[in-house]
Amino acid sequence: MKIGENIQLHREQHGMSQQELADKLGVTRQSISKWENDTALPSFKSVLMIGDVFNLSLDELVRGDDRLIEEYQKDKEFKLSPTEKVVFSTIGISFLAFVSVSMWPSLFQGVWVQGLFEFAQLVAFVALMMNIPWRDVNKLLRNRKLFWLLMVWLLLVATPYIVSATQDTIAGFKQGVQESQRY
């Protein structure tokens, strides 16, 4: 039995109108009508609330409605909202711009081979990031021990770069202060 038929059957058994059920669920009467006519599917939250109203288990309510089950399985897929896409794209482009600008001077200081090598590393890194199966990575990172082991490893790998950047920042700040005191 489809969920729409099931909702209508239990609503009528409980002597409720579509409007009364809609009021209990916090939706419109038109939503109830669409669900019962099988032109729309209720959200997962609504299905849970319907089960509570009619004192039905989730299994009793959705069993046999393959379309509803497929719809909920689709919702499990990883989706980014347009805002999240813009934010992540901006962060990614900013990172690439930062790396490109930081290696650009080496191209003009007679060390063009080093600059070319750094650019090749950047391209390889971007290609790697685009081809990693992120769902599998997310599943692996749910393991707390593996997650913390990876964090410690990243910290150890990044420490020389962090120390170097910090020392360069302090040296640049000191040089700026000294130059400003001269004038």
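Before moving on, here are some points about what is shown:
- Of all residues making up region 133-183, the number that are within 30 Å of the chain's Cα centre (by Cα), in a loop (DSSP other than H, G, I, E, B) and surrounded by fewer than 10 Cβ atoms within 10 Å (Cβ to Cβ): 2
- Where helices (runs of 4 or more DSSP H) fall entirely within region 16-63, those with at least 1 residues that are modelled with pLDDT under 90 and farther than 14 Å from GLY4 by Cα are at 44-54, 58-62.
The values are calculated or read from the model by the stated rules, or taken from the named source; none is laboratory data. Remember, it's a predicted structure, so these values are computed and weren't measured experimentally. Cβ sites come from the backbone with ideal geometry, for glycine too, and all protein chains shown count toward neighbours.
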